[in-house]
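The structure appears below as structure tokens.
The values are calculated or read from the model by the stated rules, or taken from the named source; none is laboratory data. This structure is a prediction, so every number in the text was calculated from the model and none was measured. So basically every Cβ, Gly included, is an ideal-geometry build from the backbone, and we count neighbours across all protein chains shown. These accessible areas exclude ligands, DNA and RNA; they are computed on the full protein's heavy atoms, side chains included. Shrake-Rupley method; radii C 1.70, N 1.55, O 1.52, S 1.80 Å.
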Amino acid sequence: MKYTVIGAGAMGYRYGVLLQEVAGMDVDFIDTWQPNIDAVRRQGGVYVSRDHQNRHLVPIRMFTPEQYDGQPDVWIVFVKQMQLDDVLSRCAHLFKPGQYLFTAMNGMGHLDKMRHYFPDDKIVAGTALVATVLNGPGDVDFIGAPGAGTMHMVNYTEQPDDTTLAMEKDFRAANLNPELTRNLYGTLMAKVIFNSVVNTLCSMFSATMGQYAAYDGADAITRTLVDEAYEACERAGIRLINTRQQEVDSVNYVSKIGNPLHYPSMYQDFSKGRPTEVDYINGYIAQLGREHGYTCHVHEFVTQEMHLAEAMRDAKARDKAAAEKPQDDAEPALAAV
């Protein structure tokens, strides 16, 4: 099958490059970040490293939504939640009947937007425990050995079809380790809950996943956030694919063994002055609880704390810019009285 990736960021590059390089698939890339587009065209591709080593150029085809005229079998979408409406609108003229959409974006809320453009039986959602860092325009670093990381995929209808099975086969050939499930919200919420711990806390405290997990009180914090989220999900009738203990164990394993040196994607946004997706992760869990008569006090608090951290970051940046602004050498002369 032919694939086109919408959103050539860290994860978009990882999926697209592995499908092209390892699985031998025909892959195109669409992006809306002009410095990224310019870098790829200037270089003739994207520079790919693995664990900061073996940096090499991978030739790829990159387009803006307005320039693209390809007709893929499957669209792969990796866009920040806050940008999704605009990007889908710019790509809407490209979507054709019969095409499928796959996404493993962080957070929740994106599927409702995608359903405006694709029928339910053509949407395949997923989650990805795959660490990747976008170093800059046209430069990406895959974290972990080849084959590291796991992913889940699930049809919106929870009924896999031949195209879904073909996608699973291609993802497996690309060393993405897919696991197909039949539980949509239970699958997606497992990753949201995972991210509600490591992404948000590592971002607030500028910590790697390993540094968070090494803290003596990390297990208690993880358990508190997991328990609240599970209470909200259970009240909403969502049957999660992991038990509470399995979710805690997943946070520990990935943080201590899988990617201890990794800064999560939310930290990458926070450290570069960008808005974070906390409203679509901890904020979504808190909203789910409120909608079903349960207050997730800690998730509510963590969401506000993350926004406070963003506000303080932005205030410090403004103060620094003001302090560095050149001042006139001389004061203006006073008018004679």
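List of remarks:
- Per-pair calculated FRET efficiency, R0 = 30 Å: Glu179 and Asp51 via Cβ, rounded to 0.05: 0.80
- In straight-distance terms, cross-link reach from Lys320 covers every one of the aspartates and glutamates whose alpha-carbon lies under 17 Å from its own, apart from those fewer than eight places away in the same chain; here that gives Glu310.
- Contour excess over end-to-end distance, with Cα ends at Ala214 and Ala323 and 0.36 nm allotted per residue: 35.5 nm
- Quick note on the range 154-230: its Rg to Rh ratio, both from C-alpha atoms and Rh being the Kirkwood radius, is 1.12.
- Alpha-carbon centroid distance for the pair the range 61-101 / the range 251-274, whole angstrom: 27 Å
- Restraint check, Lys113/Lys191; Lys2/Lys272; Lys272/Lys316; Lys122/Lys169; Lys122/Lys272; Lys113/Lys316, Cα-Cα greater than 25 Å: Lys2/Lys272; Lys122/Lys272; Lys113/Lys316
- Magnitude of the charge dipole for the chain, about its Cα centre and with charges confined to Cβ atoms of Lys, Arg (+1) and Asp, Glu (-1), is about 460 debye.
- Cα-Cα pairs of the chain separated by more than 39 Å (percent): 15 percent
- Solvent accessible area, Å² - Trp33, 1.4 Å probe, full protein context: 100 Å²
- Placed amide H near Asp51: partners under 5 Å, 5+ positions off or other chain: Phe142, Ile143, Gly144
- The alpha carbons of the range 212-337 occupy a box of 80, 37, 22 Å along the principal axes, longest dimension given first.
- Heavy-atom SASA rank of Glu228, Glu21 (probe 1.4 Å, accessible area, largest first): Glu21, Glu228
- Fluctuation leader among Glu305, Glu291, Glu231 - the chain, Gaussian network, Cα springs under 10 angstrom: Glu291
- Solvent-accessible area per residue in the chain equals 46 Å², computed with a 1.4 angstrom probe and all protein chains kept.
- The range 1-59, Cα convex hull volume normalised per residue, Å³: 80 Å³
- Candidates Val27, Phe118, Pro137 compared by Cα position along the dipole of the chain: farthest toward the positive end lies Val27, with charges placed on Cβ.
- Highest average first, the peptides 54-64, 172-182, 120-130, 10-20 ordered by how many other beta carbon atoms sit within 10 Å of their residues are 10-20, 120-130, 172-182, 54-64.
- Fraction of accessible area attributable to carbon and sulfur, the range 21-165 (%, probe 1.4 Å): 48 percent
- Farthest toward positive dipole pole in the range 148-229 [+1 Lys/Arg, -1 Asp/Glu at C-beta], among Ile193, Leu165, Asn175: Asn175
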